[in-house]
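Single-structure report; data block below.
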Amino acid sequence: MQTKKVFAICFSLLLLLVLATASLAQPKVIKIGAVYPLTGNIASTGLDCKRGAELAVDIINGKYDLNLPLAKVEGLPNLGGAKIELIFADTKGDPKNGMSETERLISQEKVVAIIGAYQSAVTKTASQETERLKVPYVCSDSSSPTLTERGFQYFFRVSPHDGIFARDQFQFLKDLEKKTGQKVSTIALLYENTEFGSNVGKSATQYAKEFGYKVVADVSYPANATDVTSEVGTLIKAKPDVLMHASYITDAILFTKTFKEMNFAPKGIMTFAGYIEPAYLPAVKSDGNYIIIRSTFALDLAKGKPLVARVNDLFKKKYGLDMSENAARSFAAPFVLADAINRAKSIKSDDIVKALLQTNIPGDQMIYPWKGIQFDPKTHQNIYARGTLVQVLDEKYATVWPFDAAAKEVVWPFPGWKGRK
Amino acid sequence: MTEQLLQQVVNGLLIGFMYALIAIGLTLIWGVMNIVNFAHGDFLMVGMFASFWLYTLYGLDPIFSIPVCTALLFVMGVLIYRFVVSKVMSGPMLAQLVVTFGVSIFISNLAVYLWTPDFRLISQPLLSGTWVIGEVQLSIPKTVASMGSVITSLFVFLFLKKTKTGKAILATEMDREAALLMGINTERINSFSFGMGAALVGIAGAFLSTYYYIYPQVGGVFGTIAFCVVALGGFGSIEGAFIAGILVGLVQTLGGFFFDPAYKYAIVFMIYLITVWIRPQGLLGW
Amino acid sequence: MQKLTLKQICSGLIALIAVGIFPLLTTNTFAQHVMILFFMFGMMGVAWNIMGGYAGMFSFGQVAFFGIGAYTSSYLLITYQVTPWVGLIVGGLVAALVGAAIGYPCSNLRGHYFAIASIAFGEIVRTHFNNWKLIGAAEGLSLPMLNEGFKNFMFHSSKLPYYYIMLAFLIISLLVCYLISTSKVGYYLRAIKESHDVAKVLGINVVRYRLIAIMTSAFLTAMAGTFYAQYVLYIDPESVMLLPISIQIVLISMLGGAGSVMGPVVGAAILLPISEVTRVWLGHKGTGVDMLIYGFLITLISVYQPKGVWGLFANMGKRAK
């Protein structure tokens, strides 16, 4: 009886291993691997990114009357109409899974390129793997500046990084002063203490000096803290004009509540990432009003670019939700890759890389407020990538900067917590 | 400077009372059955979700859903004991630890499966807003939660000391064999205590849901802190857990304010280590 | 534990040969990766066992040693170009020293208090590393991509060298564990586990032997940490110092069978493939079903086989008579 149990266990283990590694018969398509945190703490964001990427591939593969690369034709015309297939892998937000899943996608699933991975730490290891295996990696959703400072040959980034976002926020303050005469002199920095937050803290400190502002508080904290009253207390003590906060969504929610509770109301609350997650406003409702967030996308860009509205309509039809900033960022990479593969007329890594280096997608063919997509030959960062600033007005995100592209006028200073609706 | 000090002390107390309530259920289970319930944080999560769904689907404000959450979690606790935990009671201690781990992983991922990993918040509870007393801002939901914690703890204390079942629980805690000899049905006491421990943390969950965000993994941080609180207070001691909870809340908040918020949990853990180095059985443990 | 029987040595050799030729039979690098993780966690489980299974010190803070090993060797490599092999030893020594430093004041903590203290220790170390600018703080350390080769402990074109190195490490740790368990040290440790007080009365220097167990355990775990750093080429506090890793180590050892040399290996052999395979199969849907299965299996195994799965194998040998 014992022996039977043992054999049963051994057999099932073996079966599991074999089944997992059996390769599936695939029709001839161009496979692209997508690594995202689809389960775990940050799964809702990962699923958001998945939606954006999947819609992009739908558009590439189908025939749509949209001014997006390869939208108007089915598949990649230079490769006989070959279609793109996205193969997703779950990283669970763990860098070692980023590495192993990337490798598995490349060696077992035979993908020709990789996109992903949202969390910069995971993107680091995933792209190290692609650099090792000499496979192109196009990233449009990780924002750590260090990703494009490694001298990698195969890694490309389409979206702006946190250094750019930090600089944007200070530029806004200077522009605001020029426009309205409202001056700001002291800044408080607040950031969660993993790679993302601390990089923002670093960039912000550097730009504060450059732009001539004084940093009066530099507070880092654990992202899933049970309570943040000590952090907010420290901020209140420092009496800053402006707060700059880099957070994920959980801390964004907690801090918003605590700011209100402790009546912390500087002249401006300017934030990164967490406050633009789709779950933020439904959670905090009107408490989110007047907060400013860095963004690469907002629905009101449609005012100057009707393409945005049409893409959002497609998104809404497919998923029943509006396109979020995360989904919008992940939307870019498949297009960049498809465009490059099409021009290269080949799925060989070095051909794709060569084509990527020659990428020149004009701004009107994209849903972002950029002049276009063109990669710096050394760092492989999109030189036209930049952010905008949105402000929550009436529980909706409205683009308020740059001023000449704004959909609404920025409300400044922050009107405080009492006496609001 | 001093006005922030008072504010921070108050806040430390407010979060401390919440920790205390969470810890009491855990120490009860440990004291009676000698099991560290690793799924305790996930019971908290279930309590929070229960409160959330009652609010979202039936419009029941969290304050009124407390009785429902309590009953729900009690039943859940008893069922988990009956069908899972009781089977390893006679086994090695390690098996008991692993079982609650397995239950923890199972429950938190069941929550992901059923309710998705998205973050929820009860956006307009009856109790919201802030009382301003002098220069101190008192968050109303947190204050009510603290009062609830004190009342519940008092109730537990009286229950254990005055009622027959309560005394039976205490007897089983102190000496299992003797209790058995005295005719106490220790199996039933076990299952009742497990249920009660779960119910207590269910109440905590209902209160917490009035001001904290809700998601399947929320049990993690609270659970880890709860273990530290229980150990600090002394495993098995209800009074110890209560005092330790408040202490941890204060240390966390004041440590974060005066020293560095990035280190606030490290400071809590340091205090735990220093305490047990001096007194290996915790503050009030035996 | 008794000395090995001939039967056990033979089956051990067969298993070794099977595992040894496995990577040559398949080009599936994912399977190789799963095996590497299995070896790594198996090793950490064996290391835990020395402290936990034998000496009764249930540590939930092993990840701190793992991280210290990873950071020490990586820091030395990046800053002073010290070869990772030397870094490996240094990392192990640092971890052992830290282990002793924390173990000494904790030496009269019992059972659950020790466990919570170990969690506290792990978290304090992690918080510190997260804020320590010298070693990169939250940004972590990226290891440079050196030319591959044994000297640099880095291989790019194939996983096989990693595979065999990790297997060798696992065997080393098993040997250490076996030697301890059949020696005087092991005897004393078991006595200490049974009862501190009785051990003291018998004249056993409880503190000294506990420290020996902790330091050995720490050294081995740190070795695994250095390996990880050389394998993944990027470490940060979130990936090499997080509590869930400690918990996984404990789970593996307990499920496999604490207190037996091979127990943790069996535990790792079961849990690692399950968690990796369910994630690949089901993770990408985002429904958490993979972890549901994982949790369910753990619960099942601990209910029906509380002494650990290794018990099955051990009994099988006996029954066959």
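The values are calculated or read from the model by the stated rules, or taken from the named source; none is laboratory data. A quick note: this is a predicted structure, and the numbers were derived from the prediction, not measured. For neighbour counting, all protein chains shown are included, and Cβ atoms are generated from backbone atoms with ideal geometry for every residue, glycine included.
A few remarks follow.
- Among the candidates C:S246, C:S253, C:S183, the residue that is over 17 Å from the mean Cα position of the chain (by Cα) and of a type in the set (S, T, N, Q) is uniquely C:S183.
A quick yes/no check of all residues on (1) among the β-branched types (V, I, T); (2) modelled with pLDDT of 65 or more:
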position	(1), (2)
A:L14	no, yes
A:A20	no, no
A:S23	no, no
A:V29	yes, yes
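- Within region A:263-291, considering residues that are in contact (Cβ under 8 Å) with a residue 60 or more places away in the chain and among the aromatic types (F, W, Y), the one surrounded by the fewest Cβ atoms within 10 Å (Cβ to Cβ): A:Y290
- Out of B:I133, B:I151, B:I169, B:I225, sole residue that is of a type in the set (A, V, I, L, M), buried (at least 21 other Cβ atoms within 10 Å of the Cβ) and more than 14 Å from chain C (Cβ to nearest Cβ): B:I169
- Among the candidates C:G267, C:G259, C:G186, residue that is buried (at least 20 other Cβ atoms within 10 Å of the Cβ) and not in a helix (DSSP H, G or I): C:G259
- Test: B:L94 is out of contact with any Lys or Arg (no Cβ under 8 Å at 6 or more places or on another chain), more than 30 Å from C:F58 (Cα to Cα) and within 14 Å of chain C (Cβ to nearest Cβ): no
- Test: residue in region B:73-82 that is out of contact with any Asp or Glu (no Cβ under 7 Å at 6 or more places or on another chain), closer than 28 Å to B:I189 by Cβ and within 14 Å of chain A (Cβ to nearest Cβ): no
- Selection status of C:G111, surrounded by fewer than 22 Cβ atoms within 10 Å (Cβ to Cβ), within 22 Å of the chain's Cα centre (by Cα) and modelled with pLDDT under 90: yes
- Filtering region A:173-201 to residues that are in contact with a Leu (Cβ under 7 Å, 6 or more places away or on another chain) and modelled with pLDDT of 95 or more leaves A:A188, A:L190.
- Taking the listed residues C:Y234, C:Y294, C:Y304, C:Y228, the one that is under 15 Å from the mean Cα position of the chain (by Cα) and among the aromatic types (F, W, Y) is C:Y228, with no other qualifying.
- For first residues located in region B:57-68 and outside any helix (DSSP H, G or I), partners that are among the hydroxyl-bearing types (S, T, Y) and surrounded by 16 or more Cβ atoms within 10 Å (Cβ to Cβ) and lie 6+ apart or on another chain with Cβ distances below 8 Å form the pairs B:D61/B:Y55.
- Cβ separations smaller than 7 Å between residues 6+ apart or across chains give the following pairs from region B:101-123 residues that are closer than 10 Å to B:D42 by Cα and free of Cβ contacts under 8 Å to residues at least 40 places away in the same chain to residues that are part of a helix (DSSP H, G or I) and of a type outside the set (A, V, I, L, M): B:I105/C:Y294; B:I105/C:G295; B:F106/C:G295; B:F106/C:F296; B:F106/C:T299.
- In the set (1) outside any loop (DSSP other than H, G, I, E, B); (2) within 19 Å of A:A283 (Cα to Cα), the condition left unmet by A:W417 is number (1).
- Qualifying position, being modelled with pLDDT of 90 or more and under 23 Å from A:D162 (Cβ atoms), among A:I106, A:I114, A:I59, A:I84: A:I114
- Looking only at region A:231-263, and only at residues there that are charged (D, E, K, R) and at the interface with chain B (Cβ under 10 Å from one of its Cβ atoms), the one that is nearest to A:S324 (Cα to Cα): A:D251
Matching residues to (1) of a type outside the set (S, T, N, Q); (2) over 20 Å from the mean Cα position of the chain (by Cα):
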position: C:E123; (1), (2): yes, no
position: C:R126; (1), (2): yes, no
position: C:N131; (1), (2): no, yes
position: C:L134; (1), (2): yes, yes
position: C:E139; (1), (2): yes, yes
position: C:S142; (1), (2): no, yes
position: C:I165; (1), (2): yes, no
position: C:V176; (1), (2): yes, no
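- Within region B:242-286, the residues that satisfy the criterion of being surrounded by fewer than 24 Cβ atoms within 10 Å (Cβ to Cβ), within 14 Å of chain A (Cβ to nearest Cβ), closer than 20 Å to C:H128 by Cβ and within 21 Å of the chain's Cα centre (by Cα) are B:V251, B:A266, B:I267.
- Only residues that are closer than 22 Å to B:L21 by Cβ and free of Cβ contacts under 8 Å to residues at least 12 places away in the same chain were counted in region B:150-190, giving 10.
- Single residue of C:S239, C:S181, C:S173 found to be surrounded by 18 or more Cβ atoms within 10 Å (Cβ to Cβ) and within 13 Å of another protein chain (Cβ to nearest Cβ): C:S239
- Of all the listed residues (C:T83, C:T79), the sole one being closer than 30 Å to A:N199 by Cα and without any contact (Cβ under 8 Å) to a residue 12 or more places away in the chain is C:T79.
- Some residue of region C:40-55 being touching a residue at least 24 places away in the same chain (Cβ under 8 Å), in a loop (DSSP other than H, G, I, E, B) and under 25 Å from C:F66 (Cβ atoms): yes
- Among the residues of this structure, C:I204 does not count as one that is part of a helix (DSSP H, G or I) and farther than 30 Å from C:L146 by Cα.
- Test: residue in region A:255-271 that is aromatic (F, W, Y), within 19 Å of B:Q4 (Cβ to Cβ) and outside any helix (DSSP H, G or I): yes
- Matching residues, region B:179-219, being within 14 Å of another protein chain (Cβ to nearest Cβ) and either over 23 Å from A:T229 (Cβ atoms) or out of contact with any Gly (no Cβ under 6 Å at 6 or more places or on another chain) (or both): B:A204, B:L208, B:S209, B:T210, B:Y211, B:Y212, B:Y213, B:I214, B:Y215, B:P216, B:Q217, B:V218
- Enumeration of residues in region C:138-158 that are closer than 30 Å to A:T194 by Cα and either in contact with a Leu (Cβ under 7 Å, 6 or more places away or on another chain) or facing another protein chain (nearest Cβ under 9 Å) (or both): C:A138, C:E139, C:G140, C:S142, C:L143, C:M145, C:N152, C:M154, C:H156
- When restricted to residues that are assigned to a strand (DSSP E or B) and either of a type outside the set (V, I, T) or surrounded by fewer than 23 Cβ atoms within 10 Å (Cβ to Cβ) (or both), region A:208-237 contains 7.
- Looking across region A:92-117, the residues that are more than 8 Å from every other protein chain (Cβ to nearest Cβ) and either farther than 16 Å from A:I32 by Cα or of a type in the set (A, V, I, L, M) (or both) come down to A:G93, A:L105, A:I106, A:V111, A:V112, A:A113, A:I114, A:I115, A:A117.
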